[in-house]
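See below for the structure under consideration.
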Amino acid sequence: MQFRKAISEIKGLQYLAEELDLKSPMGKRFLMDTDMFCSEAELNIEYGLLDQITQAVKADQKVISDIQSKLSHLREIRGSVDNLKSNLVLDDVELFEIKSFAMNCHAVLNLQKELKQVVIELPNLSGLIEILDPQNTGIPSFYIYDDYSLELAEARKELRIAKSTNGDSEIKLEDLFCKAQEIESKVREEICTKIRSFASDLEIAIRKLAHLDLLIAKAMQAIQLNFNRPELVKESTSYIGMFHPMVKHELEKQNKQYQAIDIELQKSVCLITGANMAGKTVVLKTLALCQYLCQFGFHVPATSAQISLVDQVLLSVGDEQSELSGLSSFASEMMNVSKMVEESKKHSNVLILVDELARTTNPVEGLAIVNAVADIFYQNNIRSVITTHYSGLNSYFRKLRVKGLDKDLGDKIITQKNINSYMDYSLVEDNTGEVPHEALRIASLLGISKEIVEGAQNQLNKKASKEEIL
Amino acid sequence: MPFLKDIEKYKSLSIVGLEKNTGKTECLNYVLSRLRDSHKQIALTSIGIDGENRDQVTQTHKPEIELSEGMMFVTSEIHYAKRRLFAEVIDVSNQTTSLGRLVTAKAIHSGKVMLSGPANNAEIIRLIADLKEKGVDLTIVDGALSRKSLGSPAVTEAMILATGAALSANIPQLVFKTQYVYDLIQLAEINPELKPKFRGIENGIWALDESGEIKDTGISSVLMIKNKKDQLFQHGTDFFVSGAITDQFLDFLKNQKQVDKIRLITRDFTRVFANPETYYAFVKRGGRIQVLDKTNLLAITINPVSPDGYNLNSDELKLALETKLQVPVYDVKKIVGANAVS
């Protein structure tokens with residue numbers, strides 16, 4: 001899975017990607033092209049680099065900001081390098097870009113030496129710079145300098161003299177110009193041949209600088225948003241103080257507190273129950289986000305985390321555009337879940353996250369579907385989470401319940417605006433299999449029409465008395 | 001030529017032709033030739049495309065722009081590749097125009113080049129600022145007055161206007177048309193404190209009420225005025241018009257009873273697209289137009305020859321313009337010719 005594809009599935013990931021302070025065009029492309037890390041060893045190397053950069057960001061802010069300033073001057077030179085590789089002659093603008101790129105690369109190479117340790121080894125392009133800066137000015141501007149060829153210098157001198165004396169005819173001047181231009185072309189060809197051997201170094205440099213840019217941006221984001229490096233483990237994935245950065249940011253804008261949660265996922269199915277508005281979906285989305293962040297080499301939004309790597313994250317949150325495929329929301333959900341079941345039967349190493357499974361159908365069959373799907377995940381030891389409202393779940397499934405509203409609120413008035421401060425979002429182990437019946441309570445707190453709440457309450461009362469009679 | 005002394009006071013100058021073949025390029029080349037000996041770093045660019053060897057429309061001779069050694073210029077990649085001089089690449093822009101990215105370069109030898117440049121105001125302003133940072137003392141913009149152009153030469157501090165027989169082959173008519181543009185260039189600038197309020201507005205007609213607050217009239221364009229007459233005056237008679245001020249709009253306003261209290265504010269004089277007759281009628285009845293950006297008109301140059309063969313009397317035209325307008329008028333070709341003889 002490429003990052004490009006992952007951000008189209010996970011909004012939280014896209015949000016973080018957009019907030020990343022990447023300085024160079026190649027940094028952005030590098031991130032988009034990143035493949036998910038599925039090997040612990042590789043990911044640990046990447047995390048090692050990120051740790052070094054994080055330390056540097058904290059200790060040597062000045063050097064890091066100098067490096068970033070150089071990175072921001074980088075231009076996309078892929079096309080020019082490709083032209084160089086395929087034996088084409090570059091024009092002055094391309095040569096200028098290569099020269100300015102090489103100079104910036106060299107500057108970053110030197111700046112890194114000021115850090116405690118060099119994090120990304122860059123190729124040495126001083127040989128290339130020497131060719132493109134024959135006067136050794138250190139200025140990135142470029143033209144075919146007189147220094148390259150005596151013949152060119154002579155031809156240009158002749159033209160200059162001819163122009164200043166004014167006596168020569170247009171045709172003569174044109175001739176002289178063409179002659180000088182011809183020599184210039186020849187010299188340009190020679191320069192391109194000389195610098196051709198640097199093409200592969202340039203390619204490496206592009207990739208390395210992009211990587212460095214990304215590491216700095218990740219480190220800065222992690223510091224700013226309080227992300228931490230997860231420990232990579234084989235068994236249970238667990239988070240302490242896990243939060244969703246986008247939701248947290250939204251709440252902070254409204255002067256509200258975000259309640260971080262703790263959760264542990266074993267290699268089995270786990271059902272999350274809880275009242276409406278209790279944040280079940282956010283838990284699910286945060287789990288997906290954290291898994292991706294980790295496997296794309298980011299730190300994760302949690303105080304501490306232990307993460308077991310997977311080959312694939314399968315997510316069903318029911319807000320997909322099913323209209324487009326011409327399927328009902330139920331049908332498109334079932335198709336999606338069917339894929340998940342196929343994967344789990346293969347015993348693939350996946351993380352499966354399903355929000356409100358079978359919510360759009362009747363509760364009797366819905367419950368049956370939840371139990372059946374959960375059973376398959378259970379049998380195959382698939383790390384999976386399903387949120388649901390249904391009561392009567394098989395007792396051997398592990399169940400977590402969102403604590404929800406305090407039972408005893410006294411005479412506090414709860415509204416849609418402050419419900420957040422009375423909701424306890426923490427997860428507790430729950431063995432009853434019964435789901436809290438708080439829908440009406442929450443609906444009335446939200447101030448929806450009394451008729452609905454009272455009507456529904458009457459229905460429930462009638463049903464209860466009928467059962468009593470029976 | 002005295003106006004050249006004035007040029008040196010400014011950081012940016014535009015040279016604008018009132019019509020094709022009014023001698024703008026000759027004027028530009030003349031200005032450049034006179035600046036050759038000053039120790040100022042000059043940079044040259046254009047709004048959109050210019051400097052074609054042959055005029056694309058009329059196929060008449062159109063001189064290329066001659067740069068001297070050390071001058072900087074900004075042009076698109078495509079035109080840069082066609083340069084007839086040796087130059088040093090100093091920078092390449094990140095944004096692209098229809099002709100590729102913009103290359104900033106410095107002439108190593110004198111020679112000719114085709115100019116093209118950024119197409120809208122924000123980018124021209126950014127480019128001028130960028131050039132200043134690169135050590136340029138004066139940026140000269142080869143400008144055009146075009147209804148289609150998003151870029152306006154009025155963003156430069158100073159301006160030279162090129163007019164001539166191509167605009168009209170009849171001297172009184174030519175003077176009248178030139179005077180109209182002259183009058184528009186002289187439109188007063190609004191109070192500088194008010195300017196930031198209008199800067200970001202991109203569409204609609206906005207009212208400025210008595211307390212200095214700006215209010216949306218709810219009228220999205222002057223074309224909608226017919227249907228929404230009643231909404232226009234709800235917040236007073238001072239308006240900022242983001243788009244063009246058209247004939248129809250001024251015609252409508254001049255017939256309102258409040259006309260003598262109306263003040264229109266527009267980005268710059270190039271936004272006024274009304275006929276001179278309508279504009280003068282509006283002003284005569286007491287209406288006013290003011291601008292956010294005013295430029296200083298340094299001089300008017302004339303080209304008495306039109307592409308279809310009319311040849312006006314240069315001295316007569318010069319005199320006629322000078323009597324009407326308080327600005328020096330020059331026939332550049334005549335000066336160049338005189339210099340060549342002497």
If we ask which residues in region B:73-93 are more than 7 Å from chain A (Cβ to nearest Cβ) and either of a type outside the set (A, V, I, L, M, F, W, C) or closer than 17 Å to B:GLU133 by Cβ (or both), their number turns out to be 9
Inside region A:115-125, the number of residues satisfying the requirement of being surrounded by 13 or more Cβ atoms within 10 Å (Cβ to Cβ) and among the polar types (S, T, N, Q) is 1
When restricted to B:ALA244, B:ALA281, the only residue hydrophobic (A, V, I, L, M, F, W, C) and at pLDDT 90 or above is B:ALA281
Those residues of region A:104-123 which are in contact (Cβ under 8 Å) with a residue 24 or more places away in the chain and of a type outside the set (A, V, I, L, M, F, W, C) amount to A:ASN104, A:GLN112, A:GLU114, A:LYS116, A:GLN117, A:GLU121, A:PRO123
Conditions (1) within 14 Å of chain B (Cβ to nearest Cβ); (2) part of a helix (DSSP H, G or I) -> A:PRO134 fails only (2)
If we keep only residues of region B:94-115 that are part of a loop (DSSP other than H, G, I, E, B) and among the small types (Gly, Ala, Ser), then the residue nearest to the other protein chains (Cβ to nearest Cβ) is B:SER110
Within region A:149-163, the count of residues that are among the hydroxyl-bearing types (Ser, Thr, Tyr) and surrounded by 19 or more Cβ atoms within 10 Å (Cβ to Cβ) comes to 0
Of (1) closer than 23 Å to B:SER33 by Cα; (2) part of a loop (DSSP other than H, G, I, E, B), B:ALA119 fails just (1)
Return yes when A:ILE45 is surrounded by 19 or more Cβ atoms within 10 Å (Cβ to Cβ) and out of contact with any Cys (no Cβ under 7 Å at 6 or more places or on another chain) and no when it is not. no
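Can you name the residue in region B:186-200 that is more than 15 Å from B:GLU157 (Cα to Cα) and not in a loop (DSSP other than H, G, I, E, B) and, of all such residues, is modelled with the lowest pLDDT?
Of everything passing the filter in region B:186-200, B:ARG199 is modelled with the lowest pLDDT.
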*asked:* So for region B:173-185 (the condition being crowded, with 16+ Cβ neighbours inside 10 Å, in contact with a His (Cβ under 6 Å, 6 or more places away or on another chain), on the phi < 0 side of the Ramachandran plot and among the hydroxyl-bearing types (Ser, Thr, Tyr)), does at least one residue qualify?
replied: no
Residue pairs within 6 Å by beta carbon, gap of at least six or interchain, first lying in region A:140-165 and of a type in the set (Val, Ile, Thr), second assigned to a helix (DSSP H, G or I), listed first then second, are A:ILE144/A:GLU184; A:ILE144/A:VAL187; A:ILE144/A:ARG188
The residue from A:GLU114, A:GLU76, A:GLU18, A:GLU121 that alone is among the charged types (D, E, K, R), touching a Pro at 6+ places or on another chain (Cβ under 6 Å), at pLDDT below 95 and not assigned by TED's automatic domain parsing to the domain that holds A:VAL300 is A:GLU76
Flagged in region B:14-48 as outside any helix (DSSP H, G or I) and under 21 Å from B:LEU312 (Cα atoms), in numbering order, are B:VAL16, B:GLY17, B:LEU18, B:GLU19, B:LYS20, B:ASN21, B:THR22, B:GLY23
Going through region A:175-190 in order, the residues found to be facing chain B (nearest Cβ under 9 Å) and exposed (fewer than 13 other Cβ atoms within 10 Å of the Cβ) are none
Subset of region A:92-103, residues within 14 Å of chain B (Cβ to nearest Cβ), touching a residue at least 24 places away in the same chain (Cβ under 8 Å) and either crowded, with 23+ Cβ neighbours inside 10 Å or over 13 Å from A:ILE67 (Cα atoms) (or both), comes to A:ASP92, A:LEU95, A:PHE96, A:ILE98, A:LYS99, A:SER100, A:PHE101
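Answer yes or no as to whether B:GLU66 is within 13 Å of chain A (Cβ to nearest Cβ), part of a strand (DSSP E or B), under 28 Å from A:PRO140 (Cβ atoms) and modelled with pLDDT under 90.
yes
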The number of residues in region A:142-175 that are under 21 Å from A:ASP91 (Cα atoms) and either modelled with pLDDT under 90 or not charged (D, E, K, R) (or both) is 10
A:SER69 passes all but one of the listed conditions (1) within 12 Å of chain B (Cβ to nearest Cβ); (2) not in a loop (DSSP other than H, G, I, E, B); the exception is number (1)
Q. Looking at region B:143-160, is at least one residue without any contact (Cβ under 8 Å) to a residue 60 or more places away in the chain, surrounded by fewer than 19 Cβ atoms within 10 Å (Cβ to Cβ) and within 14 Å of chain A (Cβ to nearest Cβ)?
A. no
Going through region A:25-57 in order, the residues found to be polar (S, T, N, Q) and assigned to a helix (DSSP H, G or I) are A:ASN44, A:GLN52, A:THR54, A:GLN55
Requiring at least 2 residues that are in contact (Cβ under 8 Å) with a residue 40 or more places away in the chain, outside the structural domain of B:LEU13 (by TED's automatic domain parsing) and under 28 Å from B:LEU194 (Cα atoms), the helices (runs of 4 or more DSSP H) wholly within region B:227-342 are B:276-284
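Output the residues belonging to region A:8-24 that are touching a residue at least 24 places away in the same chain (Cβ under 8 Å) and either part of a helix (DSSP H, G or I) or touching an Asp or Glu at 6+ places or on another chain (Cβ under 9 Å) (or both). Quick ask: steps written out before the conclusion?
Start the filter on region A:8-24 by keeping residues that are touching a residue at least 24 places away in the same chain (Cβ under 8 Å), which leaves A:9-13, A:15-16, A:19-24.
Of everything in region A:8-24, those that are touching a residue at least 24 places away in the same chain (Cβ under 8 Å) and either part of a helix (DSSP H, G or I) or touching an Asp or Glu at 6+ places or on another chain (Cβ under 9 Å) (or both) turn out to be A:GLU9, A:LYS11, A:GLY12, A:LEU13, A:TYR15, A:LEU16, A:GLU19, A:LEU22, A:LYS23, A:SER24.
The values are calculated or read from the model by the stated rules, or taken from the named source; none is laboratory data. The shown structure was predicted, so the numbers you read here are calculated from the model rather than taken from an experiment. Reconstructed Cβ throughout: ideal geometry from the backbone, glycine too, with neighbour counts over all protein chains shown.
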